[in-house]
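First up is the structure itself, then whatever we jot down about it.
The values are calculated or read from the model by the stated rules, or taken from the named source; none is laboratory data. Note that the structure is a prediction, hence the values are computed from the model and not measured. Heads up, the Cβs are rebuilt from the backbone with ideal geometry, glycines too, and the neighbour counts pull from every protein chain shown.
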Amino acid sequence: MSISTLVKTLAVVTLLGVGSAAHAVTLKIATQAPDGTTWMKDMRAAGKEIAEKTDGRVKIKYYPGGVMGNYKSVMKKIRIGQLHGGAVTGDSLANLYPDMGTYGLPMLFNNYAEADYVRSRLDPSLIKGIQDKGFTMLGITEGGFAYLMSNGPVRSIADLKTHKLWIPEGDALNEALFRKMGVNPISLPLSDVYTGLQTGLIDTIGSTTAGALAFQWHTRIKSVTEVPLLYIVGVLIVEKKRFDRIKPADQEIVKTVITRVFKDMNQKNRIDNDKAKQALKKLGIEFVRPDAQEETRWKQIAHEVIMETGQASNSSQMYMKVENLLKEFQAQQAKK
């Protein structure tokens, strides 16, 4: 090989290398999920698979455990380019896109079967709606049902009034719900909940069973009220402008991998919550339930608050779709 040919070959190789590096994209994703949880293990595995299948052109860097702050902090950091996305609860996106708050309305679903029926028909609409707001939703998965957990049994509103209840920072809807019940909740960021339980600032929380174990909240509770309070979904969103910097073929790889992993996580999370429930029982934590009349009262108050606070009108079409689908499902079940 002549010197001139060698030089040209090296130049081409160098240019190819520069081109590959120039198209490499790292997605910086924040989440409240603690490291070591099933959620984080699966997301890290997805990131590794994506890096391998794109030959390093797409990498995902996670910031778990709330180190990037709460949802508002994460969204601010996305706007200034410090982050590119977040793995967050669906209802936290309601200010950006009201429909995302629908699944998390209080006492909307009675069981997993209802949630599955509705989600199989409405998830695609949510994914499209978020895209219209400037974000690509790479995945949506079930977090599970949140229940009231306390240092003493809560079987009624009268019981709840004797406790110090935590609600997430900025959760206006649940604040309105509990205030209508005559309870004055205490608002704290997620990072302060364990300390609040330790110090006695709060003694009652709302959480999934798996979440209570992951955050170690279970060490400060003695009772779980087994009425589904909220249905939680987790979503992985990335700023669309950042995602569009990825080559189309690599975008498809990212979407395919995340969609598959989040579908698997949906089932794993349900299994984890069931296992966590059994673990809590083995630890001596009592599971209680209000009587039928009291439970009906809770649901009626929840419905009134949804209507009074305008939550339904903020996304009236989606809320009506959910209501109609639930009636449809319940009618089908009644015929069986």
**Q.** Selected residue [in contact with a Pro (Cβ under 8 Å, 6 or more places away or on another chain), at positive phi and either modelled with pLDDT of 95 or more or not β-branched (Val, Ile, Thr) (or both)] from Gly81, Gly56, Gly65, Gly36
**A.** Gly65
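What residue, of Lys327, Lys268, Lys281, Lys277, is under 30 Å from Leu27 (Cα atoms), assigned to a helix (DSSP H, G or I) and not hydrophobic (A, V, I, L, M, F, W, C)?
Working: Lys327 fails: under 30 Å from Leu27 (Cα atoms); Lys281 fails: under 30 Å from Leu27 (Cα atoms); Lys277 fails: under 30 Å from Leu27 (Cα atoms).
Lys268 is the lone residue from the list that is under 30 Å from Leu27 (Cα atoms), assigned to a helix (DSSP H, G or I) and not hydrophobic (A, V, I, L, M, F, W, C).
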Q. Of (1) at positive phi; (2) in contact (Cβ under 8 Å) with a residue 24 or more places away in the chain; (3) under 21 Å from the mean Cα position of the chain (by Cα), Leu173 satisfies all except one. Which?
A. (1)
Q. Taking the range 176-196, which residues are assigned to a loop (DSSP other than H, G, I, E, B), without any contact (Cβ under 8 Å) to a residue 40 or more places away in the chain and farther than 19 Å from Asn151 by Cα?
A. Gly182
Q) Among the residues of the range 306-319, is any modelled with pLDDT of 95 or more and in contact with a helix residue (DSSP H, G or I) (Cβ under 9 Å, 6 or more places away or on another chain)? A) no
Q.
Is it the case, given these coordinates, that Gly101 is surrounded by fewer than 23 Cβ atoms within 10 Å (Cβ to Cβ) and under 13 Å from the mean Cα position of the chain (by Cα)?
A. yes
Q) Among the residues of the range 150-165, which ones are assigned to a loop (DSSP other than H, G, I, E, B) and either free of Cβ contacts under 8 Å to residues at least 60 places away in the same chain or over 20 Å from Ser187 (Cβ atoms) (or both)? A) Gly152, Pro153, Arg155, Ser156, Lys161, Thr162, His163, Lys164
Q. Going by the conditions given, is Lys281 within 30 Å of Lys222 (Cα to Cα), surrounded by 18 or more Cβ atoms within 10 Å (Cβ to Cβ) and of a type in the set (Lys, Arg)?
A. no
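For the range 197-254, which residues satisfy the criterion of being part of a loop (DSSP other than H, G, I, E, B) and either modelled with pLDDT under 95 or touching a Phe, Trp or Tyr at 6+ places or on another chain (Cβ under 9 Å) (or both)?
Of the range 197-254, the ones part of a loop (DSSP other than H, G, I, E, B) are 200-203, 208, 215-216, 221-222, 244-247.
If the condition is that a residue be part of a loop (DSSP other than H, G, I, E, B) and either modelled with pLDDT under 95 or touching a Phe, Trp or Tyr at 6+ places or on another chain (Cβ under 9 Å) (or both), then Leu201, Ile202, Asp203, Thr208, Phe215, Gln216 are the ones that fit.
I'd like the full set of residues that are among the small types (Gly, Ala, Ser) and under 19 Å from the mean Cα position of the chain (by Cα), limited to the range 41-62.
Result: Ala45, Ala46, Gly47.
Only one of Thr136, Thr141 is within 30 Å of Glu252 (Cβ to Cβ), modelled with pLDDT of 95 or more and hydroxyl-bearing (Ser, Thr, Tyr). Can you tell me which?
Details: Thr141 fails: modelled with pLDDT of 95 or more.
The match here is Thr136.
Which residues, counting only those in the range 104-121, are in a helix (DSSP H, G or I) and surrounded by fewer than 17 Cβ atoms within 10 Å (Cβ to Cβ)? First the steps, then the outcome.
We begin by selecting, within the range 104-121, every residue in a helix (DSSP H, G or I); these are 112-121.
If the condition is that a residue be in a helix (DSSP H, G or I) and surrounded by fewer than 17 Cβ atoms within 10 Å (Cβ to Cβ), then Tyr112, Ala113, Asp116, Ser120, Arg121 are the ones that fit.
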